[in-house]
Amino acid sequence: MGATGGIAASVSAESDTPWARVCTKFKQEFGQQAYTTWLGQLGYHGLDGGTVELTAPTKFVRDWIQRNYGPRLMDFFHAEDNRVKSLSIRLAAKGAVPATPAQPVVRADSAPQIDASTKDDEKAALDPKYTFDTFVVGKSNELAYAAAKRIAESDEVSFNPLFLHGGVGLGKTHLMHAIAWEVKRRAPQKKVAYVSAEKFMFEFISAIRYKDTHAFKQKFRAADLLMVDDVQFIANKESTQEEFFHTFNALIDNRCQLVITADRSPTDLEGIEERIVSRLGWGLVADIHPTDYELRLGILQSKAEQVPGVDVPVEVLEFLAKRIISNVRELEGALNRVMAYATLVGRPITMEMTRDVLQDLIRANDRKVTIDEIQRTVAEYYNLRLSEMLSQRRSRVIARPRQVAMFLSKQLTSRSLPEIGRRFGGRDHTTVMHAVRKIEDLVKSDSTLDEDITRLTRLLAG
Ligand code: ADP
Ligand code: MG
């Protein structure tokens, strides 16, 4: 049930072990895909002294996890048990199964069935809940949505590749899966391949090791539609990039549609060769911006409706949309947690229960961004003094950054318009509203401003 784990999964008995909780945290932070590819392959064998004992099926998996996820895993384990001092990942004996199996994945029963008779193993990687129907559209994602829809519905290759980018948990993977489901429904004869860039790399490296690069090439180059998720993962991986680029060119030459996602724009991808970056930008680049309050509320309403029999009061939805601003994944996780709790204790959902269950999350989101920080960061970014930004001066070089700062204050904090106005040198709420609209309007045509907003958002959120 998506990256956050489903209700049934979160209340089932298995989820109540330290290892399961670490797995859940891992999924929340890195997504289901990364979990399935990496952590889900490990076996957990308990704690020996201060050392967590884990086993991995291959050396590659072990090294990869240690290098890329080691420190975070330590944090997660340490939060479970503060005696934990180190992780030990041994290689599992051949043919051994993980000591603790991965958690069961709960699927909604209304979901389309995955046809096991086809050999298309990529299908299994698609989440049945990630469709266009379940995707809620707002200003921040309408371009990405429209582009994804167009690709799924047209038989012509319209823009190649489609490059979707945006911060974590904002719906990139959801849109990709939606394209895949829609194409499978409309044109079942088409070959659709969906992979995470990590998996692409993993398979490529295995192919080299087992000297079977031919099959690898066949598999990806035979696709009518190839989707590669999270390409930032192949930054600095030269040989994988090389293969990716060849596959990429071969597909484009064959007029196959490509869809690619990353957590940043092509030009911001570091460690990826120039020629790849430029080719990535050839088609359509669409970014997904952080959500605003209305979209968050819409998403929550839609998610709550998808679970029959659980009634979530509107004030609870509004509260969540106001307080959990980091990303949709976390928002969804919060709603799931409240619903799971209510189901478990058999009581209706109330505000009090919500506050209680989500204490930690709410605190974390509160800590996130303040208007002060936004003002300071924006002033610094545009080389202005803070006093200038808060002054009454109206010259463009000052007024525009000020509008950007107001816009970001609306987006990233839960402060009201009058409150934001007060903090910007005692301005009226209509001035703030005007600023927000102005920036929303400008980013559609002004790509520099659009980039500025993305950079600033990342600076502030990270
Ligand atoms: P990303 O790949 O950008 O990190 P995901 O696609 O995994 O993000 O989205 C994280 C979660 O948020 C998913 O469960 C997804 O269904 C949900 N989500 C994100 N955006 C939307 C949206 N606009 N409407 C409905 N659900 C959304
Ligand atoms: Mg994703």
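The values are calculated or read from the model by the stated rules, or taken from the named source; none is laboratory data. What you see is a predicted model, and the numbers here were worked out from it, not measured in a lab. All Cβ positions, glycine included, derive from the backbone under ideal geometry; neighbour counts span all protein chains shown.
Would you mind stating whether VAL277 is among the β-branched types (Val, Ile, Thr), surrounded by fewer than 20 Cβ atoms within 10 Å (Cβ to Cβ), within 30 Å of VAL369 (Cα to Cα) and without any contact (Cβ under 8 Å) to a residue 24 or more places away in the chain? Against the criterion (among the β-branched types (Val, Ile, Thr), surrounded by fewer than 20 Cβ atoms within 10 Å (Cβ to Cβ), within 30 Å of VAL369 (Cα to Cα) and without any contact (Cβ under 8 Å) to a residue 24 or more places away in the chain), VAL277 does not qualify. In region 297-325, the qualifying residues are those that are touching a helix residue (DSSP H, G or I) at 6+ places or on another chain (Cβ under 7 Å) and within 11 Å of ligand 1 (Cβ to nearest atom), and the one that is nearest to THR343 (Cα to Cα) is LYS303.
Among the residues making up region 344-376, those that are at pLDDT 90 or above and crowded, with 16+ Cβ neighbours inside 10 Å are ILE349, MET353, THR354, VAL357, LEU358, ILE371, GLU373, ILE374, GLN375.
The single condition from (1) out of contact with any strand residue (DSSP E or B) (no Cβ under 9 Å at 6 or more places or on another chain); (2) free of Cβ contacts under 8 Å to residues at least 60 places away in the same chain; (3) within 12 Å of ligand 1 (Cβ to nearest atom) that PHE204 fails is (3). Check region 139-148 and report whether any residue there is closer than 17 Å to LYS190 by Cβ and either touching a Cys at 6+ places or on another chain (Cβ under 7 Å) or at pLDDT 95 or above (or both). The answer is yes; a qualifying residue exists.
Residues that are within 16 Å of ligand 1 (Cβ to nearest atom) and hydrophobic (A, V, I, L, M, F, W, C) within region 236-264 comprise VAL259, ILE260, ALA262, listed in sequence order. On inspection, LEU384 does not qualify as surrounded by 15 or more Cβ atoms within 10 Å (Cβ to Cβ) and part of a helix (DSSP H, G or I). Within region 165-190, residues that are hydroxyl-bearing (Ser, Thr, Tyr) have Cβ atoms under 9 Å from residues that are near ligand 2 (Cβ under 10 Å from one of its atoms) and not in a loop (DSSP other than H, G, I, E, B) in these pairs: THR173/GLY31; THR173/GLN32; THR173/GLN33; THR173/SER196; THR173/ASP229; THR173/THR261, counting only partners at least 6 apart in sequence or on another chain.
Listed here are the residues, each with its yes/no results for (1) in a helix (DSSP H, G or I); (2) in contact (Cβ under 8 Å) with a residue 60 or more places away in the chain.
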residue	(1), (2)
THR354	yes, no
LEU361	yes, no
THR377	yes, yes
LYS410	yes, yes
ARG415	no, no
VAL436	yes, no
LEU442	yes, no
LEU449	yes, no
